[in-house]
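S.K.: Quick one: structure below, then a few questions.
The values are calculated or read from the model by the stated rules, or taken from the named source; none is laboratory data. Please read these numbers as outputs of a predicted model, since none were measured by experiment. Because the Cβ atoms are built from the backbone with ideal geometry, glycine has one as well, and the counts that use them run over all protein chains shown. Areas reflect the complete protein model, heavy atoms only, side chains present, ligands, DNA and RNA absent. Shrake-Rupley method; radii C 1.70, N 1.55, O 1.52, S 1.80 Å.
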Amino acid sequence: MPVLELDNVTAAYGKAEVLHGIGLKVEPGGAVGILGANGAGKTTTLRAVSGMVKTGGQVTFNGRKITGLRPDQVAGLGISHVPQGRGTLARLSVRDNLLVGAYRRKDSRGVAVDLEHYFELFPQLAARRNNLAAALSGGEQQLLAIGRAFMSKPELMLLDEPSLGLAPSTAQGVYEAIAELRRHSGLSMVVVEQNAALAFSIVEEAIVLETGHVALAGTRDELMGMDAIREAYLGG
Ligand SMILES: Nc1ncnc2c1ncn2[C@@H]1O[C@H](COP(=O)(O)OP(=O)(O)OP(=O)(O)O)[C@@H](O)[C@H]1O
Ligand SMILES: [Mg+2]
């Protein structure tokens, strides 16, 4: 059974429908990309999963219909959303930002173990654990936002343009970190990205959105073999 399945999903802001029937499937432990230009509906698709936008059609998580649930209910089921723009808490320390991610958990021992696990994977952040998030570089803030999501111990992580605003080498470092996290946790992921080369360093499959529709879908190799993808997203 897929971890996540979107079937004919629509979404609207007020009366304006911006998703017109999206389909997507994530198998357990899998990672699927959502590619597309600005305004194509990538963020809205993640919001439709998280319960942050008025949604039609069907979203199922481990076979359970979650369409219409509130964001806190979706999060409580084990879906963690790293929003576009990161949303770290500037005036809290690195450590406290990570603990905010764990606030629902009752297993304080497990939280402590995961915190140390995170710091082992990301020594750069460990060295700054008592610094304010505001004092981190853009790449470090992205790693912190991902860490906060990780600390909720999710089964599925939704990542919205983790490379946004980062220099290419920093963005690549963030993607290596995401890959590392995936290897160590077995998390399933949906990764929104405009840079297909970065996305394909992680995901095995992707959909390409155009104005709220799925224009293309396939495996990494299928999509990377298409001229349209190479020209639009891989620089020819
Ligand atoms: N809060 C909102 N209220 C009204 N319309 C919105 C809102 N957020 C997004 N939209 C519209 O919905 C459509 C899809 O936007 P969305 O943010 O999902 O695109 P995106 O693919 O994530 O783009 P980007 O790459 O720029 O982040 C766009 O036409 C956008 O203008
Ligand atoms: Mg977006």
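S.K.: Of the conditions (1) in contact with a strand residue (DSSP E or B) (Cβ under 8 Å, 6 or more places away or on another chain); (2) away from ligand 2 (no atom under 16 Å from the Cβ); (3) over 22 Å from residue 5 (Cβ atoms), residue 100 satisfies every one except a single condition; which number is it?
M.R.: Just one mismatch for residue 100, condition (1).
S.K.: Just the residues that are under 21 Å from the mean Cα position of the chain (by Cα) and not in a helix (DSSP H, G or I), please, taken from segment 121-153.
M.R.: Correct list: 122, 136, 137, 151, 152, 153.
S.K.: For segment 24-56, how many residues meet the condition of being more than 12 Å from ligand 2 (Cβ to nearest atom) and closer than 28 Å to residue 186 by Cβ?
M.R.: 16
S.K.: Are there helices (runs of 4 or more DSSP H) fully within segment 154-225 with at least 3 residues that are open to solvent by less than 60 Å² (accessible area, probe 1.4 Å)? List them.
M.R.: By residue number, 168-185, 196-199.
S.K.: So which strands (runs of 3 or more DSSP E) are wholly in segment 1-57 and hold at least 1 residues that are without any contact (Cβ under 8 Å) to a residue 60 or more places away in the chain and more than 26 Å from residue 228 (Cα to Cα)?
M.R.: Once the strands (runs of 3 or more DSSP E) in segment 1-57 are filtered for at least 1 residues that are without any contact (Cβ under 8 Å) to a residue 60 or more places away in the chain and more than 26 Å from residue 228 (Cα to Cα), what remains is 4-13, 16-26.
S.K.: Could you pull out the residue among 135, 126 that is farther than 17 Å from residue 202 by Cα and either within 16 Å of ligand 2 (Cβ to nearest atom) or open to solvent by less than 40 Å² (accessible area, probe 1.4 Å) (or both)?
M.R.: 126
S.K.: Right, here's the next one. Could you please give the count of residues in segment 24-55 that are of a type outside the set (A, V, I, L, M, F, W, C) and away from ligand 1 (no atom under 15 Å from the Cβ)?
M.R.: Number satisfying all stated conditions: 5.
S.K.: For segment 72-120, give me the residue count where each residue is open to solvent by 30 Å² or more (accessible area, probe 1.4 Å) and part of a helix (DSSP H, G or I).
M.R.: Count: 16.
S.K.: Looking at residue 21, is it more than 22 Å from residue 202 (Cα to Cα), crowded, with 16+ Cβ neighbours inside 10 Å and more than 16 Å from ligand 2 (Cβ to nearest atom)?
M.R.: Spelling it out, it is not the case that residue 21 is more than 22 Å from residue 202 (Cα to Cα), crowded, with 16+ Cβ neighbours inside 10 Å and more than 16 Å from ligand 2 (Cβ to nearest atom).
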